[in-house]
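In what follows, a structure is listed as structure tokens, so that the remarks can point back to it.
The values are calculated or read from the model by the stated rules, or taken from the named source; none is laboratory data. No experiment lies behind these values; they were computed from the predicted model shown. FYI the Cβ positions are ideal-geometry reconstructions off the backbone, even for glycines, and counts take in every protein chain you see.
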Amino acid sequence: MNRTLAISNRQRAVKLDTQLLRHLTESLLTGLLALKEFDLALCIVRAPEMARVNETFLQHKGSTDVITFDYTDDSSRRPEFLHGELFICIDDAKKQAREFGTTWQKELARYVIHGVLHLRGFDDLNPAARRKMKREENRLLQETGRLFPLSKLDAGRKLAA
């Protein structure tokens, strides 16, 4: 059984607790989504790198919050398995957190969930599918927030014991 999770923190805009992000993501995959196997990479980047990825692979201008690459081929596509890579932009998380009155840590968790849902086959291209995906995203974010102190994803804010 393959359970691989690679996290690459390629930004320095925030002090990110990558160990907590790892635990949160593993819990999402194995606990909340009951995946038996996964091979997932998370790349946390700044806006310039995200813009390059967006333009190179999707031919879209500018940065975006999360880009999902699904590497599962048809022969290995099973409900209990996923194989992919998520690019997550910390600058967009900070910007959208201000816009929506939340925290960048909660936005980061939301982007992980959103990308994983795409890898699970959820789509947000039409209004009905988008509502269905958003309901599941909100449910999983609420559950994740119960299991993990999302504010502690900010390693620079840890309080002394």
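Determine if the range 137-145 includes at least one residue that is among the acidic types (Asp, Glu), under 11 Å from the mean Cα position of the chain (by Cα) and part of a helix (DSSP H, G or I). Yes: the range 137-145 contains one or more residues that are among the acidic types (Asp, Glu), under 11 Å from the mean Cα position of the chain (by Cα) and part of a helix (DSSP H, G or I). Residues that are of a type in the set (Gly, Ala, Ser) and touching a residue at least 40 places away in the same chain (Cβ under 8 Å) were ranked within the range 101-146; the one that is farthest from Val66 (Cα to Cα) is Ala109.
Collect the residues in the range 1-53 that are part of a loop (DSSP other than H, G, I, E, B), touching a strand residue (DSSP E or B) at 6+ places or on another chain (Cβ under 9 Å), free of Cβ contacts under 8 Å to residues at least 40 places away in the same chain and over 19 Å from Thr64 (Cβ atoms), keeping them in residue-number order. Across the range 1-53, the qualifying residues are Met1, Asn2.
Within the range 64-98, the set of residues being more than 14 Å from Tyr111 (Cα to Cα) and part of a loop (DSSP other than H, G, I, E, B) comprises Tyr71, Thr72, Asp73, Arg77, Arg78, Pro79, Glu80.
Does any residue of the range 96-108 turn out to be within 17 Å of Leu29 (Cβ to Cβ), surrounded by 20 or more Cβ atoms within 10 Å (Cβ to Cβ) and at pLDDT 95 or above? Checking the range 96-108: at least one residue is within 17 Å of Leu29 (Cβ to Cβ), surrounded by 20 or more Cβ atoms within 10 Å (Cβ to Cβ) and at pLDDT 95 or above. Exactly one residue out of Asp73, Asp123 is over 16 Å from the mean Cα position of the chain (by Cα), at pLDDT below 95 and of a type outside the set (Ser, Thr, Tyr), and it is Asp73.
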